[in-house]
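> Got a structure for you, questions after.
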Amino acid sequence: MVGLSKSPRSRGFVDWLAVGFGVGYFPRAPGTAASVVGFLFFWPLRYMGPLFWWPVLAVLFGLGVYGAKRHEAAAGEKDPSCVVVDEIFGVLFTLVLAPHSTAMVWLGLGLFRLFDIAKPPPIRRLEALPGGWGIMLDDLAAAVYAVAILHLVNEWIIAPG
């Protein structure tokens, strides 16, 4: 990668965050590895309330847009595979808004990955937005789809009535 070395620590926290603390450099499935990082960050976060979640998600989104834009510019390519902060954000968004049962958390992780990989409409179109916006917004949309399905499953199948 031009401009940013494979050692983002030398470039600062935002660059380190953009590559998921290094998991973005995994040779296989860096997005899935980053989703696991988001999953691990969720466990302590789940005990906090929405007054804590929303600022954390907003800051992570903003830093993600900025860091993703920097990596795109340095790499000279759209959505470099090493940028995985979007998966960390998407998983956290999905899981803090999911019904908080163990089954829903696992299902949420799987649904987020499914929508992130499959990119049903309009997710693919969001990906084309410039800079870090496209990188982050397509994962936000995948998370929204996952959350909607989780709540439908919870209301219609798990707790009908």
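> Find how many whole Å separate the alpha carbon centroid of segment 17-59 from the alpha carbon centroid of segment 84-144.
The two parts, judged by their Cα centres, are 12 Å apart.
> A follow-up question, please. Mind checking which of PRO50, LEU111, TYR25 is farthest towards the positive end of the chain's charge dipole, using Cβ charges of +1 (Lys, Arg) and -1 (Asp, Glu) about the Cα centre?
Working it through, the farthest residue towards the positive pole turns out to be TYR25.
> Then there is this: Using the alpha-carbon atoms, what tilt in degrees (0 to 90, nearest 10) does helix 30-45 show relative to the longest principal axis of the chain?
60
> Would you mind ranking TYR145, TYR47 by Cβ crowding within 10 Å, fewest neighbours first?
Ranking TYR145, TYR47 by Cβ neighbours within 10 Å, fewest first, gives TYR47, TYR145.
> What is the fewest-to-most order of MET48, MET104, MET136 by other Cβ atoms lying within 10 Å of their Cβ?
MET48, MET104, MET136
> Still on this structure: Calculate, for ARG46 and ARG125, the FRET efficiency according to 1/(1 + (r/R0)^6) with r their C-beta to C-beta distance and R0 35 Å; round to the nearest 0.05.
Computed FRET efficiency for ARG46 and ARG125 comes out at 0.65.
> Turning to a different aspect of this structure: Share of Cα-Cα pairs in segment 20-158 beyond 27 Å, in percent?
Pairs farther apart than 27 Å: 15 percent.
Quick note: the coordinates plus some simple rules give every number you see, no bench work behind them. All of these numbers come straight from a predicted model, not from anything done at the bench. Neighbour counts run over all protein chains shown; Cβ positions are idealised from the backbone, glycine included.
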